[in-house]
Amino acid sequence: MPKSQIGNRKSKMTTPHSHNLTPAMIPITGRLDPWDVAVRLLAGQALTTRELQQRLVRRGYASDQIDVVIAKLTASRYLDDAEYAKSWARSRAHRRSVGPARLAQELHVRGIAEEQIAAALKEAFVERDVREVAEAAALRKLRSLRDFTPEVARRRLAAHLTRQGFSAEIVLALCQKHLPRGEDPNDQ
């Protein structure tokens, strides 16, 4: 903002984002058009079709208005569940070391169709194999398990990897690799 305008700022109380509104955006009823609300919601963060529908319903828009807005957004590719799923799954798999089962469950909760979930999971584990992601999750968790006995550490590592969505086969292999069972007969 130029220095000449700093002293001219209005000190009235405003609502969030009210400085972005133009008179044409606010109908006589004082309520924003559902298209404008939807575009603003999507500008803030990526949403699935279901999430956007839920937010518009909470704001009191009619289902026929919502359907028209969703159709327009989908046609203009502002709203694309398949792309959302791919991007979200890739991010969660590689940044948070989340496995396929948990990713599928989380995408399902967000309203993504099963075929889109399958495609997203396939693409998410192209760069890094599921075992590599699981290995990263195991190594991260092992740092916090140093002070535990091997038996307790194994149990906690297995529980953590299972919650993260990795298969029993991968969980067992990683537990055996990082915390092998000793010769102690009480440790079987």
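The values are calculated or read from the model by the stated rules, or taken from the named source; none is laboratory data. For clarity, every value in this text was computed on a predicted model and none was experimentally measured. Every residue, glycine among them, receives a Cβ derived from its backbone with ideal geometry; neighbour counts consider all protein chains shown.
In region 121-133, the condition of being aliphatic (A, V, I, L, M), exposed (fewer than 14 other Cβ atoms within 10 Å of the Cβ) and out of contact with any strand residue (DSSP E or B) (no Cβ under 9 Å at 6 or more places or on another chain) is met by at least one residue.
Across region 32-42, the number of residues qualifying as assigned to a helix (DSSP H, G or I), of a type outside the set (Val, Ile, Thr) and more than 22 Å from Glu106 (Cα to Cα) comes to 5. Scanning region 99-119 for residues that are more than 14 Å from Leu47 (Cβ to Cβ) and either among the hydrophobic types (A, V, I, L, M, F, W, C) or not assigned by TED's automatic domain parsing to the domain that holds Arg140 (or both) yields a total of 7. Within region 39-67, being in contact with a Phe, Trp or Tyr (Cβ under 8 Å, 6 or more places away or on another chain) and small (Gly, Ala, Ser) holds for one residue alone: Ala46. Filtered by the rule that a residue be touching a residue at least 40 places away in the same chain (Cβ under 8 Å), in a helix (DSSP H, G or I) and not polar (S, T, N, Q), region 66-115 gives Trp88, Ala93, Pro100, Ala101, Arg102, Leu103, Ala104.
Restricting Ala158, Ala137 to those that are under 19 Å from the mean Cα position of the chain (by Cα), crowded, with 16+ Cβ neighbours inside 10 Å and over 30 Å from Thr49 (Cα atoms) reduces the list to Ala137. In region 116-145, the residues that are closer than 25 Å to Lys177 by Cα reach residues that are modelled with pLDDT under 95 and aromatic (Phe, Trp, Tyr) with C-beta atoms within less than 8 angstrom, at least six apart or across chains, in these pairs: Val133/Phe125.
Exactly one residue out of Ser91, Ser97 is surrounded by fewer than 19 Cβ atoms within 10 Å (Cβ to Cβ), over 27 Å from Trp35 (Cα atoms), of a type in the set (Gly, Ala, Ser) and under 15 Å from the mean Cα position of the chain (by Cα), and it is Ser91. In the condition set (1) basic (Lys, Arg); (2) in contact with a helix residue (DSSP H, G or I) (Cβ under 8 Å, 6 or more places away or on another chain); (3) modelled with pLDDT under 95; (4) assigned by TED's automatic domain parsing to the domain that holds Glu169, Arg96 is compliant with all but (2).
Tell me, please, whether a residue that is outside the structural domain of Ala134 (by TED's automatic domain parsing), within 30 Å of Ser167 (Cα to Cα), of a type outside the set (A, V, I, L, M, F, W, C) and not in a helix (DSSP H, G or I) can be found in region 44-59. So far as region 44-59 goes, yes, one or more of its residues are outside the structural domain of Ala134 (by TED's automatic domain parsing), within 30 Å of Ser167 (Cα to Cα), of a type outside the set (A, V, I, L, M, F, W, C) and not in a helix (DSSP H, G or I).
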